[in-house]
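To keep things clear, I will list the structure first and then write my remarks on it.
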Amino acid sequence: MTLKFNCPCGTRIGFDVEPENGRMPMALACPECGADLTAIANGEIAAQTPPVSAGPSPKPSMRIVRHPEASEAASTPKVSAPANVEAAEPASVRPAETRASGRPTAPRERDEPKPPGFLARHGFRLAGIAVTAALGYWVWFATVGSKPRVVVQMEAPSSAPFLAARFLAADRLLVLTPTRLAVKSLSADTEVWGVAIEAPERRKRDERRRVPDSDEVENPDYTDYEGEAIPLHTAGKSAWIRLGTNVLQFDLASGKRGASIPLPDVVLEESVDPNGWLLVTRPFPLGPQFLTRVDFASANAETYRFTPPRIPVRPLIEGDDSPKADPLVIATVGNTVLQARLLEQVLVPTGKAGEADSGRTALEKENLRASDSGEVAGEFLRQNTGGIVEDLSRYEVTLTRPFGGAAWKGTVSGRPLYVPLASVDLLFAGKQVTAFDRSGNRLWQAALGSSIAQRHLDAYGAGSGAPPAFETGGRLYVLDRTTVHALSPRTGEAAWRLPTVGASEVVAAPGALYVATTSAGPEDANLDDVRDGKNVRPLLLSVDPATGAVRWQAEWVADHASVSGTYLYGWRAGTSALDELSAAMNQGTARSMLHLSRLDPAKGSTEWTWHRKGSPQRIEAIGNRILIHRPREITVLGFRTW
């Protein structure tokens, strides 16, 4: 049997023994303290031995097994056993004896090994599960999570469309309709505040107007709103709107109404700069004009009476439909009134599109295939788009600052265009640009490689479209037909010049500069729109702002770019040449398409692209959220990031 017990000294004793008449066949001592354990062992034997009937006594024997954990004794002398005891076990299993008594000592009980822990049993399995989960999340993020999704979408009826929308923060959206100005919380999908407004009627409803077809009604760009436009501007902590002949101020935090500024009459034209709002009114057709300047910081207004000179009447010559220079140019921009009087007409015609091409055109091919449709459409449009007549006439220009500042008068060659910027104002004319400080003092004049593009003269000069110059990052970027010039705002010295045809926009970011341009060549520079050139593609360039070196370029991605934090977005909207040709043949209207992309700022590769029919009125980004405003639809996109 096996005996296990504790010595009074605390040592754990365990061994195998064959009792003799229910007792130990020999004396037993503790290996640590040397105490006699025979009586304790006999008690354990008695406790484990069941009662048996009397019979012949078995042959006495004893077998003691020493466990490896038992402490080694100093010496192991032979133990004398009775004659009826079987032969002793090998020395390796004999119990040790104490030096004092010479009696065998009991071996210690073997310590049982502890079972392995949870991590030891399941560590590899848990590691495999973690790796699989991480790989699965990466695949999901790359294919689904990082792609754009619609966070908020609002719709409006065609009779009361969204007139304006602005991001105030990533979770706050300022929305203007003909009846309400409100701030909405995107996360809670609630209105933070809202005030009722009423847009003045622009014209009476015409019951005989053309009934729109179903495609127009379903188009989010279509609207039959007949009220007057309500311009919206934000500056500091205020929102400013114009309702008819009144300019109203609202607090962006609470919607509380602030200043109310009446205007003399219906607004003819208006312009906004970071400091204020300039509005031009004329109560009588041939009477004086009134210029009202609203200062955003003080919420005060000044009004100046201005009597423009009459435009000379041109003599009518039968059959003479040749281009004519404008005899008088009047523009009110920022806080400056520009008057330009024609001194000498000089009109220089440029080459017609396609004259530089050689060989047979796509339209002259005998056997046209379906694969030639795109080239045929482009050729058709190019042959119906002529070059421009460049106005290099001499003008006498007078710049007046009715609200303070020096006046200036001089002669220029080319139709003048005035562009106010953050720290300087620029006067473009022909192939020259002249800079003035905010007080009207002339700073410098620089020569350009060519005149500015016609679209800047037409669109920006009419109060819409992007200007031909941008001031950002302490540098001035001027765009002419063939070059982007990086100039010093104070001296006009050029840091670098980048040859490119069709540049329309410059966007600055920390350590980077992005230029929206085209792949057009010098032969297309004189077109009304360089995008009508042969095989012209939109380009987005990443440029080193220090040297002007091109880091990368992306084709067919963007006509416009926006940077918000570490995110770079590009988008383009328009119709293809084939769609325009098809619409022209069917006497219809080609539907435009919006292509919005997120780009890698380091390499220019496309992270994702989002498509939607129609042309947006405004696209704005804050971090990983993008606002897309259309007349009857406001969409906010979002995507996950690491």
Q.
Looking only at segment 478-496, how many residues end up being open to solvent by 10 Å² or more (accessible area, probe 1.4 Å) and part of a strand (DSSP E or B)?
A. 4
**Q.** Candidates Gly236, Gly244, filtered to the one that is surrounded by 13 or more Cβ atoms within 10 Å (Cβ to Cβ), over 20 Å from Gly404 (Cα atoms) and either of a type in the set (Val, Ile, Thr) or under 38 Å from the mean Cα position of the chain (by Cα) (or both)
**A.** Gly244
(Q) Can you go through Val501, Val506, Val557, Val536 and tell me which one is on the phi < 0 side of the Ramachandran plot and in a strand (DSSP E or B)? (A) Val506
Q: Would you mind finding the one in Glu620, Glu607 that is in contact (Cβ under 8 Å) with a residue 12 or more places away in the chain and open to solvent by less than 60 Å² (accessible area, probe 1.4 Å)?
A: Glu620
Q: Report whether or not Ile261 is surrounded by 15 or more Cβ atoms within 10 Å (Cβ to Cβ), of a type in the set (A, V, I, L, M) and part of a loop (DSSP other than H, G, I, E, B).
A: no
**Q.** Residues satisfying the stated conditions in segment 179-198, i.e. in contact (Cβ under 8 Å) with a residue 24 or more places away in the chain and more than 16 Å from Phe250 (Cα to Cα)
**A.** Leu186, Asp189
Q: Taking the options Pro161, Pro178, name whichever one is open to solvent by less than 30 Å² (accessible area, probe 1.4 Å), part of a loop (DSSP other than H, G, I, E, B) and touching a Ser or Thr at 6+ places or on another chain (Cβ under 7 Å).
A: Pro161
(Q) Testing Ala583 on (1) surrounded by fewer than 17 Cβ atoms within 10 Å (Cβ to Cβ); (2) hydrophobic (A, V, I, L, M, F, W, C); (3) at pLDDT 75 or above, one condition comes back false. Which one is that? (A) (3)
Q: Just give me the residues in segment 594-604 being in contact (Cβ under 8 Å) with a residue 12 or more places away in the chain and open to solvent by 60 Å² or more (accessible area, probe 1.4 Å), in sequence order.
A: Lys603
**Q.** Qualifying positions in segment 446-470 - buried (at least 20 other Cβ atoms within 10 Å of the Cβ) and assigned to a strand (DSSP E or B)
**A.** Ala469, Phe470
Q: Within segment 497-529, track down each residue that is among the polar types (S, T, N, Q) and open to solvent by 40 Å² or more (accessible area, probe 1.4 Å).
A: Asn526
Q: With the condition kept exactly as written, say whether any residue in segment 456-477 is over 25 Å from Val530 (Cα atoms) and without any contact (Cβ under 8 Å) to a residue 24 or more places away in the chain.
A: yes
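The values are calculated or read from the model by the stated rules, or taken from the named source; none is laboratory data. On a predicted model such as this, the values are computed, not experimentally measured, just so you know. Here the Cβ is made from the backbone with ideal geometry for all residues, glycine too, and neighbour counts use every protein chain on show. For the accessible areas, the whole protein counts, side chains as well, though only heavy atoms, and no ligand, DNA or RNA atoms are used. Shrake-Rupley method; radii C 1.70, N 1.55, O 1.52, S 1.80 Å.
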